[in-house]
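The values are calculated or read from the model by the stated rules, or taken from the named source; none is laboratory data. In this text, all values refer to a predicted model and were calculated from it rather than measured experimentally. Here Cβ is always computed from backbone atoms with ideal geometry, including for glycine, and neighbour counts include all displayed protein chains. For accessibility, only protein heavy atoms count, side chains too; no ligands or nucleic acids. Shrake-Rupley method; radii C 1.70, N 1.55, O 1.52, S 1.80 Å.
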Amino acid sequence: MSRALANRLTPYMFMAPAAVIMAMALLYPLMYMIWGSFRDWNPSQTIGEAEFVGLNNYITLWNDPNFHESLGVTLRFAFFVVGFEMLIGVGLALLLDRNIRGMSVLRTLFILPMMIAPVVVGLMWRYMYHPTVGTFNRFLDDLGLPKVDWLGQHALGSIIIADIWQWTPFIFILSLAALQSLPRSALEAARIDGATAWQQIIYVKLPLMMPVLIVTCLLRLIDAFKVLEVILVMTEGGPGLSTEILALRISRTATEFRELGVAAAMSNYLLLLLLAFTVAMFAVTSLQEKRAARIRAAVEEDE
Amino acid sequence: MSAKYEKQNPAFYVLIAILVFMSIGPVMLMFINSFKLDVDIISGTSGLLFLPTIQNYEKALCDVLWYEPEHVDFCSLKFGGAFINSLIIALISTFLTLVIGCMAAYALVRFRFMGRDTASLTTLMVRMVPPAVLLVPVFGLWNNEFCLDKEGLIGGLIRDTFGGRGDVCLAGTHSGIILIYVAMNLPFVIWILQSFIVQVPRSLEEAARVDGAGPFQVFFKVVLPLIKPGLAAAAIFTFRIAWNEYLLASALSDRNTKTVPILIVNNMSEFNVEWGVIMATGMLLAIPPIIFTLFASRQIITGMTAGAVKG
């Protein structure tokens, strides 16, 4: 009896620490934030003292042109970053998927940018973009070309380039892994049938890689909304609002403008957006699993 | 040996050289600049023609050096202290995340129990939450609510090991930052480790069971040693986030618990940037991740692929 009870309790004992910590430091804060987003709340008050204002914070944000600007910047940033990274990453993977010596050294060097602190990445790029002492402008100067105002007029483009530098290797490595686990027989068959290199890529490799590519793309998309430190160090959101992504605006609203309620409402908008992407990811993966199961069933019937 | 590798077009090697240059160029640039005087950085004596100096490092580390460098008259940058804070926070939170995370992952993979699906779904969903979203509630909770009433729980337990100060809140302590890092990293660690635990053959566990081992013994003596590569990957990712994170640490830390990223950002935002010193601090912050990358790149890549492919 007691043995059976102990057995039944085992999984809960294994789960308990994680459940307690996540409930205390993730789920409860999220609830707390939703609760706080309906209040006119500043950092010197406890949440109980703050006045209940209903949906006011949400409505204010909905009509706030600065918030629209920020949202626009965030979406543009995420779109361009993921787009370019997918193109370059998958392209390089297709190009470098060969049996060459030193491939593991190459991969090691490629993951270096990802492992370094975002703060340091921002620091390096801020130096390189510096209008007078920076590497890029000095290089352009040496060539006799006009200088570019990297973090001024072209700030959004510049931070996109920095992010591409840091995260393209992520996509490269995942697509390379996907490429190398493709069934050799399919590629062999295509080659025997006389498919050119391009045809192999378009009709065989890319379709077979698609499941991994979609998941990678969505993961990267969700991560693109988390980027904050690199931009903070490089431009602090400026000039104007041109690089102020939502995460940065949330942190500024909370710390500089001292409007926790509005910041909480903004966080909720961001969460809703990300929720949509996550649900899309779930839908895609479960669809793929179903299709794979159906194909497997069909194959078994044939045999 | 050579028969295994295909001969490639020379242009191909040029392309690879360019790619390598692009990916490590900025890091090398920072490395070189951290050994230059500010005068050299600004005057633009480009390339490698300069007199290397460790003055920047001496200036950054002035509070932990055993001698007093003569060019530093006032030690303003408390880098050494911040470095120790970062180390404490990153190591402890990595350890806790791993222990708690692999227990949870094991439960989710090996047992059928009530609430399993909910737990697994919640874990997946909270992975998408950006740190910026946690800023507001964590700031409010850690300052106002997680004070006295949480003394008896895990917060209190962690505090006891470090020696807290009576009824101080979680904010401003190491444990406050550690708690949020553990919580933030748990979903990811659980997710990655699940895919490693699935591969452990069930028969091994059953054999241990038959020999009279309890569930915890089976877990610690049979399962854990078998998923070492997964643990290594998860440890590196967790350490990386805890070591590099800025936003939440800046909201939760006080003068004595500042971590290195906070220090760097604070020094950056000042008007007159001392590039040499900043680059030296950046380099010091980057060294642990660089070491991990060079020695454990295989584990990192395995972890990354496992984390992404298992949807």
Point to revise | Zone residues, region B:169-202, relative to A:Leu27, backbone N less than 20 Å from point 7 Å out along Cα-to-Cβ | key: B:179-192, B:194
**Study point:** Label point distance in nm, A:Ser181-A:Ile202, each placed 7 Å from Cα along Cα→Cβ
**Key:** 2.8 nm
Review point. Across the residues of A:5-13, average count of Cβ atoms on other protein chains within 10 Å?
Key: 5
Exercise for review: With r as the distance between the Cβ atoms of A:Asn7 and A:Ala283 and R0 = 51 Å, compute the FRET efficiency 1/(1 + (r/R0)^6) and round to 0.05.
Suggested key: 0.90
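Can you tell me how much longer the chain between B:Leu121 and B:Asn9 gets when fully stretched, taken as 0.36 nm per residue apart minus their C-alpha distance, in nm with one decimal? List each step's numbers first, then the result.
Numbers: separation 112, 0.36 × 112 = 40.32 nm, distance 4.88 nm.
The B:Leu121-B:Asn9 span can extend by a further 35.4 nm.
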Review point. Which residue, A:Leu271, A:Leu221, A:Leu232, tops the fluctuation ranking in a GNM of chain A built on C-alpha contacts under 10 Å?
Key: A:Leu271
Check your understanding: Residue-wise, which Karplus ³J(HN,Hα) couplings in Hz belong to region A:72-89, taking 6.51 cos²θ - 1.76 cosθ + 1.60, θ = phi - 60°, and x for glycine or proline?
Key -> x, 4, 4, 5, 4, 4, 4, 5, 5, 4, 5, x, 5, 5, 5, 4, 5, x
Review point. With every protein chain left in place, what is the accessible area of A:Tyr58 in Å² (1.4 Å probe, nearest 10)?
Key: 40 Å²
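Mind checking the dipole of region B:79-309: about its Cα centre, +1 per Lys or Arg Cβ, -1 per Asp or Glu Cβ, Debye to the nearest 20? Can you show the working numbers first?
On the way: 15 positive and 13 negative charges, 132 e Å.
Using Cβ point charges on Lys, Arg, Asp and Glu, region B:79-309 gives about 640 debye.
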Study note, to complete from the structure: Quick calc, region A:70-302, dipole around Cα centre from Cβ unit charges on Lys, Arg (+) and Asp, Glu (-), nearest 20 debye, gives 220 debye
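Using a ≥ b ≥ c from the Cα gyration tensor of the protein assembly as shown (square roots of the eigenvalues), is it rounded, prolate or oblate, where a/c under 1.5 gives rounded and otherwise the larger of a/b and b/c decides, a/b for prolate? Don't skip to the answer; put the middle values down first.
Working: a/c = 1.44, a/b = 1.05, b/c = 1.37.
Verdict is rounded for the protein assembly as shown.
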Revision key, fill the gap. In units of 2.2 N^0.38 Å, the Cα radius of gyration of region B:215-267 is 1.72
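Tell me which GluC sites (Glu not before Pro) from region A:1-80 have a DSSP coil assignment and no more than 12 other beta carbons within 10 Å of their own. Each step should come with its number before you reach the end.
On the way: sites: A:Glu49, A:Glu51, A:Glu69; in loops: A:Glu49.
Sites meeting the loop and neighbour criteria: A:Glu49.
What full-extension length gain, to one decimal in nm, is calculated for B:Phe295 and B:Ile32 as 0.36 nm per residue of separation minus the Cα-Cα distance? Before the final figure, lay out the partial values.
Numbers: separation 263, 0.36 × 263 = 94.68 nm, distance 2.23 nm.
Computed gain between B:Phe295 and B:Ile32 is 92.5 nm.
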Check your understanding: Taking springs between alpha-carbon atoms closer than 10 angstrom, which of A:Ala16, A:Ala50, A:Ala263 fluctuates most in the Gaussian network model of chain A?
Key -> A:Ala16
Practice item. Positive end of the charge dipole of region B:79-309 (Lys, Arg +1 and Asp, Glu -1 on Cβ, about the Cα centre): tell me which of B:Pro130, B:Gly276, B:Phe111 has its Cα farthest that way. Key: B:Phe111
Exercise for review: Pop out the ³J(HN,Hα) list for region A:35-40 in order, Karplus 6.51 cos²θ - 1.76 cosθ + 1.60 with θ = phi - 60°, rounded to Hz; leave Gly and Pro as x.
Suggested key: 4, x, 5, 9, 10, 8
Point to revise | Other-chain or far-sequence residues with amide H under 5 Å of A:Arg39's (modelled H) | key: A:Val53
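Take peptide A:104-112, look around each residue's Cβ out to 10 angstrom, count Cβ atoms belonging to other protein chains, and average those counts. List each step's numbers first, then the result.
Details: counts 3, 3, 4, 4, 8, 9, 8, 8, 10.
Shielding by partners across A:104-112 averages 6.
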Check your understanding: Does chain A classify as rounded, prolate or oblate by the C-alpha gyration tensor (a ≥ b ≥ c root eigenvalues; a/c under 1.5 gives rounded; else a/b over b/c gives prolate, otherwise oblate)?
Key -> oblate
Check your understanding: Tell me, what ³J(HN,Hα) does each residue in region A:45-54 have, in order and in whole Hz, if you take phi through Karplus 6.51 cos²θ - 1.76 cosθ + 1.60 with θ = phi - 60° and put x for Gly and Pro?
Key -> 9, 7, 5, x, 6, 5, 7, 7, 10, x
Check your understanding: Roughly what would the spin-label model give for B:Lys221 and B:Ala207, points 7 Å off Cα along C-beta, in nm?
Key -> 1.4 nm
Point to revise | Peptide A:127-135, shielding by other chains (average Cβ, 10 Å cutoff) | key: 4
Review point. In a GNM of chain A with a 10 Å cut-off on Cα contacts, which of A:Leu213, A:Leu95, A:Leu228 has the highest mean-square fluctuation?
Key: A:Leu95
Point to revise | Per-residue SASA entry for B:Ile300, accessible area with 1.4 Å probe, Å² rounded to 10 | key: 0 Å²
